[in-house]
Amino acid sequence: MFETLAIIGAAAWTYPLAVWIHQLLTKTKVEVINHRQLEIGFTTFGPMLNLNLAFSAEKRDAFIKQIQLTLTHENNEVQNFQWEWFEEILLEMDMAESGTIPYKKNQKAIAIKVPTQTLIEKKVGFQQRQFQKEYTLLYSQTNQTAINIKESGVEQNQIIATSEYNNFADLFKNFFLWKVGQYKGHLTVFVADGSSFNAHLSFVLTALDIKTLEKNINTCKEALKNHFIDLDPDFKADWRWVYREDTSK
């Protein structure tokens, strides 16, 4: 009897153990699909590239923990971007007067869970960490200068003559990387189990595209001036975007 119970007990945990070992040894496979349209911009967050991506997982659920984008211009200049945020449509409501209205959620990019048998779609925003690092440093320096000017009783617009303010304003021109020509992009998706998966994209920027995007440099400077001098609560930046199709397919 005791032998029978032992066999039954062993059988009870053998199958779950086998399933667990199988899951442990089986790595997921992730497919990354780019929905072709690219949104290219430049704001006070620096160079930006927004992509509509879809993810599917095979074998087991995937836990995406990072996505990196490397852009290579036709002159071999390489620029690195990291995901910073993603947007998803929570629901859509049909309105009689305005048609279908999507309700979206925008959040900091930390991780995306992709269950098997499910297609996960996200709009993913890519930015440059180096720009953010420089921005944070120059903002801190300029802000401290603004505080010193205010405490000294000097008119606030005198900050324009300071090196801190001008270095901050020059940041936007210095980090404007977009150029006429073809770009080839390489996406690397990192999964929590240690695996990584790739996707590719390609697009071309024209002289008119660059002229459109360069207008954002002055808009950045206007936003900077408003923040430290004008202090207009109704100020709204007029950002210009360029939309291109992924030509890699």
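If you check every pair at least six apart or on different chains, which have Cβ atoms under 7 Å apart with a residue in region 120-141 that is surrounded by 14 or more Cβ atoms within 10 Å (Cβ to Cβ) first and a residue that is part of a strand (DSSP E or B) and charged (D, E, K, R) second?
Listed pairs, sorted by first residue: 122/87; 122/88; 123/87; 125/84; 126/84; 127/84.
Of (1) loosely packed, with under 14 Cβ neighbours inside 10 Å; (2) within 28 Å of residue 39 (Cβ to Cβ), residue 202 satisfies all except one. Which?
Failed condition: (1).
Considering only region 227-249, how many residues are outside any loop (DSSP other than H, G, I, E, B) and touching a strand residue (DSSP E or B) at 6+ places or on another chain (Cβ under 9 Å)?
Matching residues across region 227-249 total 4.
Return only the number of the condition from (1) at pLDDT 90 or above; (2) within 11 Å of the chain's Cα centre (by Cα) that residue 107 does not satisfy.
(1)
Yes or no, residue by residue, for (1) assigned to a helix (DSSP H, G or I); (2) under 15 Å from residue 48 (Cβ atoms); (3) modelled with pLDDT under 95:
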residue: 125; (1), (2), (3): no, yes, no
residue: 131; (1), (2), (3): yes, yes, no
residue: 182; (1), (2), (3): no, no, no
residue: 188; (1), (2), (3): no, no, no
residue: 209; (1), (2), (3): yes, yes, no
residue: 212; (1), (2), (3): yes, yes, no
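Would you confirm whether any residue within region 187-195 is of a type in the set (Asp, Glu) and without any contact (Cβ under 8 Å) to a residue 12 or more places away in the chain?
No, region 187-195 has no match at all.
Which of the residues spanning region 17-51 are surrounded by fewer than 17 Cβ atoms within 10 Å (Cβ to Cβ) and at pLDDT 95 or above? Write out each step before concluding.
To start, the set of residues in region 17-51 that are surrounded by fewer than 17 Cβ atoms within 10 Å (Cβ to Cβ) comprises 17-27, 29, 31, 33, 35-37, 39, 45.
Selection gives 39, 45.
For residue 195, which of the numbered conditions (1) out of contact with any strand residue (DSSP E or B) (no Cβ under 9 Å at 6 or more places or on another chain); (2) among the polar types (S, T, N, Q); (3) loosely packed, with under 15 Cβ neighbours inside 10 Å fails to hold?
Single failed check for residue 195: (1).
Restricting attention to region 110-136, which residues are within 11 Å of the chain's Cα centre (by Cα) and of a type outside the set (Lys, Arg)?
110, 124, 125, 126, 127, 128, listed by residue number.
The values are calculated or read from the model by the stated rules, or taken from the named source; none is laboratory data. Only a predicted model underlies this, so the values are computations on that prediction, with no experimental measurement involved. We place every Cβ from the backbone using ideal geometry, glycine too, and count neighbours over all the protein chains shown.
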